[in-house]
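Q: Pasting in a structure now, in structure tokens, and then I'll have a few things to ask.
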């Protein structure tokens, strides 16, 4: 919520606590605008309030109040009585945009159900809700959930790929680098790398139930002629697929517990070429600590044993595998990177001090 003048959590504790309690008002307004296709309606040319109400089938007076809230949230603008999308909404909330995040936003709404049972999770020590119906999900529900999830993660992966490319470029990978993308999802990160390095090739690994969806997304991006696919569970011994100069572990470490994190990194280390690099991209408490702490609770509510690890723990696992590890390299958004390599010389100079956080 907007902060009044002279606001501070220690000085204005009551206001701070009330703002925490009403934080969902913002997210619910965003969810509703997406569900009503309101941003699409505004993009078709905008309009005055009566015409927007007719086109959307909404009550005119209520819609006016809702649009006033979207203006305050910087998601809509008004000029001479006509409403249009803001620049932010136009870039991230329109389905035709290459930066569309609507799937991710509505996935956040989907996750809210498990958060309502957080007290049960705390009593049980882990996840308690497994299906919308309360029991184990059937195959139709699982397939719907998979597609929702990949659509959601595609939006954030596109954004993260733009931030990861300068870091990877700093490693000066071989032009024909062979990439392994573990838990590839939509393949957005691999696709961005293949467009950056026209001679590179990638193998995308994900569970058999997901890999078909991965292929659909990659095909739509025009790089499938340089992609191979590996239907496999990354938490089981990885199938033989050769060595790789670049291995991507993007937002996968947090999905499981400590033993699984050790296993994933050990499997990656075994498949690393000489002078190769592993990119560990994830949430870390040292970068965006509030988001990391809340994401950790999200893992408690929505996974079997997922958690957020301190960067020091990931570095310990890496060095225990006799690899070099960089310090924590934060992205501009809420995640960060640790680089692991069997040749420390490829890590840019100065990035190996574990006490520091670096910008690139």
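The values are calculated or read from the model by the stated rules, or taken from the named source; none is laboratory data. Just so you know, these numbers come straight off a predicted model, no measurement behind them. Using ideal geometry, Cβ is built from the backbone for each residue, glycine included, and neighbour counts are taken over all protein chains shown.
Q: For residue 57, work out the one condition from (1) touching a strand residue (DSSP E or B) at 6+ places or on another chain (Cβ under 8 Å); (2) surrounded by fewer than 12 Cβ atoms within 10 Å (Cβ to Cβ) it doesn't fulfil.
A: Unmet condition: (1).
Q: Criterion first (assigned to a helix (DSSP H, G or I) and modelled with pLDDT under 90) does residue 104 satisfy it?
A: no
Q: Shifting gears a bit: Would you check if there is a residue in the stretch 118-133 being modelled with pLDDT under 90, over 14 Å from residue 302 (Cα atoms) and surrounded by fewer than 16 Cβ atoms within 10 Å (Cβ to Cβ)?
A: yes
Q: In addition: Looking at (1) touching a helix residue (DSSP H, G or I) at 6+ places or on another chain (Cβ under 8 Å); (2) closer than 22 Å to residue 106 by Cβ; (3) touching a residue at least 40 places away in the same chain (Cβ under 8 Å), can you tell me which one residue 84 breaks?
A: (2)
Q: Among residues belonging to the stretch 189-217 that are touching a residue at least 60 places away in the same chain (Cβ under 8 Å) and over 13 Å from residue 246 (Cβ atoms), point out the one that is farthest from the chain's Cα centre (by Cα).
A: Initial filter on the stretch 189-217 (touching a residue at least 60 places away in the same chain (Cβ under 8 Å)): 189, 209-210, 213-214, 217.
In the following step, the residues that additionally are over 13 Å from residue 246 (Cβ atoms) were identified as 209-210, 213-214, 217.
Values: 209: 20, 210: 17, 213: 17, 214: 16, 217: 16 Å.
Taking the candidates together, the pick is 209.
Q: So which residues in the stretch 323-336 are assigned to a loop (DSSP other than H, G, I, E, B) and either without any contact (Cβ under 8 Å) to a residue 24 or more places away in the chain or within 27 Å of residue 121 (Cβ to Cβ) (or both), if there are any at all? Full working, then the answer.
A: Pass one, the stretch 323-336, residues assigned to a loop (DSSP other than H, G, I, E, B): 323, 326-327, 331-335.
Passing the criteria: 333, 334, 335.
Q: Considering only the stretch 64-97, state which residues are surrounded by fewer than 15 Cβ atoms within 10 Å (Cβ to Cβ) and part of a loop (DSSP other than H, G, I, E, B). Don't jump to the end; show me each part of the working.
A: From the stretch 64-97, those surrounded by fewer than 15 Cβ atoms within 10 Å (Cβ to Cβ) are 65, 68, 71-72, 74, 79-81, 87-88, 91, 95-96; that's our starting set.
74, 80, 81, 95, 96, listed by residue number.
Q: Okay, next question. Which one of the conditions (1) at pLDDT 90 or above; (2) part of a helix (DSSP H, G or I); (3) surrounded by fewer than 21 Cβ atoms within 10 Å (Cβ to Cβ) does residue 168 fail to meet, given that it meets all the rest?
A: Evaluating residue 168 over (1) at pLDDT 90 or above; (2) part of a helix (DSSP H, G or I); (3) surrounded by fewer than 21 Cβ atoms within 10 Å (Cβ to Cβ) leaves (3) as the failure.
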